[in-house]
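The values are calculated or read from the model by the stated rules, or taken from the named source; none is laboratory data. No experiment lies behind these values; they were computed from the predicted model shown. Accessible surface areas use protein heavy atoms only, side chains included; no ligands, DNA or RNA. Shrake-Rupley method; radii C 1.70, N 1.55, O 1.52, S 1.80 Å.
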Amino acid sequence: MTDMALAIPPPHIRRRIGLKGFLVGLSVALLLVWTAVPLFMAVMWSLVNPDDPWSPPAVLPPSFSLAQWEYVFTFSEIGKAIVTSFVLAPVVTILSFILSLPTAYAIGRLSFRGKEALRLLILLPIVLPAMVIAMFLSRTFYAFGLAQTFLGLVLGHTLLSMPYMLRILATAFEAIPQDVIDAARNLGAGRLELVRHILVPMVLPGLMAGSVFTFITSLEEFNLTFVIGTPTFQTIPTVLFDYLGYHFVRTNAAVVSIVLMVPSIALLLIAERYLKTEYLSSAFGKL
């Protein structure tokens, strides 16, 4: 009898567990509503049969067809846009990593005057509206002949994406215990061995997280691409906004939005094991 009494939590503990379970369930439900419902609706609209329109009060389309997909891939620039986007985003990710690495190491491992000011300065491209940055950059890019060029798009996307890589890499370097580095040096590790066996393995999760954020930011960037790149270069977001303009075509926009969403969701699922809380926080400048 005593053992059974000990096994039953006190009332205040049960209330706390019940409240925690309720909050977890509510969070999961809100997450499903926030993500699954829009994705489901996008899929439904992309499969609407143009000969059998979908309108209220019907919950689902009366019939399904791939005609919307065929139309978008036949009569729009989506094919070229996909190629441009998936060439541009990896180049931007690699360039962001190369440019961010020295600064991230300095912020994460060194002490110097103005370090906190530099942390805040890095966030400016995230804080400022993207259209404002695009409008001011366009003047400079036109002056240097970078407008309507792939190099201009790479530089512009790198400017907007690099803060994510910088913040996450800096946090990854900062999280490395100094005791581990000191122990490696005491055991005779040289600079090359220290980088290869200590720094690289411990920074790799942060690099993966930073690469994911940088890639997705470049993939979904519209404002700068629209101002600097179009009409010579189109990416998936610029094609999407064509269908979201004055002549709003929901079915075609749904097709392009799925093309844009699927790679982002797949990347996040693949990299989920590397996305630690501190990396996510640093990406949004909360550290």
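Below are the figures for this structure:
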quantity	calculated
Helical segments meeting 15 Å axial Cα length and Kyte-Doolittle 0.5 threshold in the chain (DSSP H)	11-46, 78-109, 130-143, 150-174, 200-220, 250-271
Length-normalised contact order for the chain - Cα pairs under 8 Å, 6+ apart - percent	26
Dimensionless Rg over Rh [the chain; C-alpha; Kirkwood]	1.09
Leu137, Leu39, Leu219, ranked by accessible area, largest first (probe 1.4 Å)	Leu39, Leu137, Leu219
Probe 1.4 Å, all protein chains present, accessible-area order of Met131, Met44, Met165, largest first	Met131, Met44, Met165
Segment Ala58-Leu32, length gained on full extension (0.36 nm per residue, minus Cα span)	7.1 nm
Surface accessible to a 1.4 Å probe, Asp242 within the full protein complex, Å²	100
Heavy-atom accessible surface of the chain: percent carbon and sulfur, 1.4 Å	70
Accessible solvent surface per residue of the chain, calculated while the other protein chains remain in place, 1.4 angstrom probe, Å²	60
Ser257 - accessible surface, heavy atoms, 1.4 Å probe, Å² rounded to 10	30
In Å², nearest 10: area of Tyr105 left accessible to a 1.4 Å probe	90
Accessible-area ranking of Trp54, Trp34, Trp69, largest first, probe 1.4 Å	Trp34, Trp69, Trp54
